[in-house]
Amino acid sequence: VNPTRIMFDIKRILGIPTIEKLKSPPTNSRRGGELSSSSSPQPPSLSHPLQYHVKSTRVAHPLAAKSINNDESTDATTTATSTTATTQLVKDGSIPTAASILAIAIFYWTYLVFGAAVSQSGILPIPEFVPLSPGWPPSDMDLQPALEDSAHFFYIQDLLHWFSSPSSNDAVADLAMGTQQQQQLQQPPVVRLAVFNFAEAWIFAFLPALLADERRLPLPAVLFAWVGGLGLTNAFLAPYLAIREGFAAYYDGSKEKQGQEHEQEEDNTASGSKVSGRNAVLSASVGAIATVVVFYACGSCLVDTSLGDWSDFARLATADRTYLAFCVDLVLFSTFQPFLLRKVYTQEIVKSGENESDPMPQIYNVPFVGLVAWLFGK
């Protein structure tokens, strides 16, 4: 009986780190290839009659192995939870909200864009407050006010004229200007032009927020809605927001039904998140342009108008469907702005690890001012 072999077998059974004898015949090993063996015995290099070495293997004791596995599982769970918290998307889609915005879009297209055509066809009754001018098809006279204001888009023509105009004391230069040029320099009514540019500057300032939205539609759809909005404002913005909200709600519902987490996907589909986020340079540039335009529009209304000018514009809004639409735009923008900024703000604070329930700054609810504050924010 070999006492050393007996102790070795007892330690192996109990799972205690094994110590192997170098000069152990491979045929007597109960662990097969795990024990070190040698074809020719090697003389011991130590003074002790038996030479041992400790196997460089993981501890095999059941309790120790269980403890290590638990630690590894905890670390893996913590890592997975941290990753999920970082990449989790905010549930912000709502079918009722999408349906409400879609109803607004249908009303806008039906009565404010194609009101005259709908009236002529007799498909739907037209409310009395909706003017039938411009008619269908629209005449040049019907479109004349909008074309005049478009020529002064963002007051660019006025700015160029201010830089290129001769001195007011130069009577010869004034007489040299032809009648046609004098007519071109005639300004549209101040209030009408101010309302036009105010609405255009507001939709112009929406671009960075639309791009920062993680649940936005693909980039071509965003740009199409924004460029179209510069021409027909909410005729494009409202349908875009309705479709975006519907896709977000569908995606949230499908993921919740499957019991899966929302993970960021760098793709161009409408179901997940996009490679998005606030662009500081774009936001500051757009915010500066929109602020200058609106400041000039409001300043001109305060300095160069009277109560009669405002009365003239009120009559125009009740007689011309185009300018009634501009007035409706200002109301809709006041609703869509906090709606969009609330979603973008929630996405930003979740990314930064803050509490999702933190309220959005109240200034973001102020029409136009809140959007500018977001554009110049962090």
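Please treat every number below as a calculation from the coordinates, not as lab data. Predicted model, so just to flag it, every value in this text is computed and none were measured. Cβ: placed from backbone, ideal geometry, glycine included. Neighbour counts: every protein chain shown.
Can you pull the percent of Cα pairs in the range 293-366 with separation above 17 Å?
For the range 293-366, the fraction of Cα-Cα distances above 17 Å is 65 percent.
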Net charge over other residues, Cβ less than 15 angstrom from the Cβ of residue 325 (K, R count +1; D, E count -1): -3
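Please sort 311-320, 290-299 by packing, taking for each peptide the average over its residues of neighbouring beta carbons within 10 angstrom, highest first.
Numbers: 311-320: 15.4, 290-299: 17.3.
Result, highest mean Cβ count within 10 Å first: 290-299, 311-320.
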Inter-part distance where the range 302-341 and the range 92-108 are each reduced to a Cα centre, Å: 23 Å
